[in-house]
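Written below as structure tokens is the structure these notes are about.
The values are calculated or read from the model by the stated rules, or taken from the named source; none is laboratory data. Model, not experiment: these values are computed from the prediction. With ideal geometry, Cβ positions are generated from the backbone for all residues, glycine too; neighbour counts draw on all protein chains shown.
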Amino acid sequence: MDTIEAIKNRRSIKSFKNHTITKDEINQIFEAAILSPTSYNIQNWRFVIVTEQKLKDEICQLSYGQKQVAEASLVIVLCADLKAWEKTLNDTGKIFLKNHEFILLMASSKPTPEILN
């Protein structure tokens, strides 16, 4: 399946079978997730695995009462460490910051011939 086809055919799952997820299944999910590329391989994501029903019910309430949160076998809370780049700041990190600022500038302004050259 190509990317555009995958985007057009995506769907949300709102109900789940009553299935206890195994540690092997959890490991398989995370093995795939950690393969996701991150800028400069900073890997600034953190995962919290929630299987306890009481916690899933609380997260459901914080998620505007979305029942699928409470009904899922496993809830993965994805957190971002927004300061991860500071922890590994070195010469490469300094280059990253300069490039990052340039990318933000390009994203917020119209490119001119001077910028493009």
- Which one is modelled with the highest pLDDT, of the residues in the stretch 28-52 that are exposed (fewer than 10 other Cβ atoms within 10 Å of the Cβ) and polar (S, T, N, Q)? Ser36
- Message: The conditions are (1) of a type in the set (A, V, I, L, M, F, W, C); (2) within 13 Å of the chain's Cα centre (by Cα); (3) in a loop (DSSP other than H, G, I, E, B), and Ile21 fails exactly one of them. Which is it?
- Response: (2)
- Message: Considering only residues that are within 20 Å of Asn27 (Cα to Cα) and surrounded by 13 or more Cβ atoms within 10 Å (Cβ to Cβ), which ones fall in the stretch 70-86?
- Response: Ala72, Ser73, Leu74, Val75, Ile76
- Lone unmet requirement of (1) in a helix (DSSP H, G or I); (2) at pLDDT 90 or above for Leu104: (2)
